[in-house]
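Below is one structure, written out as structure tokens, with a few remarks after it.
The values are calculated or read from the model by the stated rules, or taken from the named source; none is laboratory data. Only a predicted model underlies this, so the values are computations on that prediction, with no experimental measurement involved. Note: ideal-geometry Cβ built from the backbone for every residue, glycine included; neighbour counts use all protein chains shown.
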Amino acid sequence: MPLRPARCYKGINKPAYTRSEYIDGIPQPKIVKYVMGNSRESFEYKLELKVIEAAQVRHNALEAGRVAAHKYLSKVVGEDKFLFIVRVYPHQVLRENKMMAFAGADRLQEGMRRAFGKPIGLAARVYPGSVIAEVRINKAHLDYAKEALRRFKDKVGVPSTIEITELTKVSS
């Protein structure tokens, strides 16, 4: 059985923990840009990365996928020939009850007594059919956009598919 990354935080089996005005010490999301490329041009095709299973996607996984896909598209296609959008925002606060792992630690820690945990990261909750990322591109570079979304999908670690839609040209 292959090792599944971040499996402790992947499941949606706990209630939402998102009210940041009541939570102290929430880390900043690692993902900083959500729209990259040329946002002024109209493109022929839209490729969407849609999720198959419900899961939580950590903010560092979203950033790793964004960097991999954007770097590939910029290098192969060119910065002004695509529009790449990350469509989810990490709102869900993840907590961890840290345990000590050294000799004598049992006298210092309290185990499951007051085990609410401290904020350690953020995640975006995604459900089947929700879109994580989107690439708009012309027909000449369609295969490159598929490869970029495949690289994004590998970093995120949630089963997903790529859906291609042809956009209609707006005549003026």
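The set of residues in segment 118-151 being under 19 Å from TYR34 (Cα atoms), part of a strand (DSSP E or B) and of a type outside the set (Asp, Glu) consists of GLY121, LEU122, ALA123, ALA124, ARG125, VAL126, VAL131, ILE132, ALA133, VAL135, ARG136, ILE137. Within segment 37-66, can you find the residues that are under 23 Å from GLY121 (Cα atoms), among the aliphatic types (A, V, I, L, M) and touching a helix residue (DSSP H, G or I) at 6+ places or on another chain (Cβ under 8 Å)? Matches in segment 37-66: ALA55, VAL57, ALA61, LEU62, ALA64. Only residues that are exposed (fewer than 10 other Cβ atoms within 10 Å of the Cβ), within 11 Å of HIS91 (Cα to Cα) and among the aliphatic types (A, V, I, L, M) were counted across segment 15-33, and they come to 0. When the residues of segment 152-170 are narrowed to those that are among the polar types (S, T, N, Q) and part of a strand (DSSP E or B), which ends up nearest to GLU44 (Cα to Cα)? So the residue we want is THR165.
Conditions (1) modelled with pLDDT under 95; (2) under 18 Å from ARG150 (Cβ atoms); (3) surrounded by 15 or more Cβ atoms within 10 Å (Cβ to Cβ); (4) within 18 Å of the chain's Cα centre (by Cα), marked per residue:
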| residue | (1), (2), (3), (4) |
| --- | --- |
| SER39 | yes, no, no, no |
| ILE52 | no, yes, no, yes |
| ALA64 | no, yes, yes, yes |
| TYR72 | no, yes, yes, yes |
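Filter segment 104-124 down to the residues that are small (Gly, Ala, Ser) and at pLDDT below 75, then identify the one that is surrounded by the fewest Cβ atoms within 10 Å (Cβ to Cβ). Top of the filtered list is GLY104.
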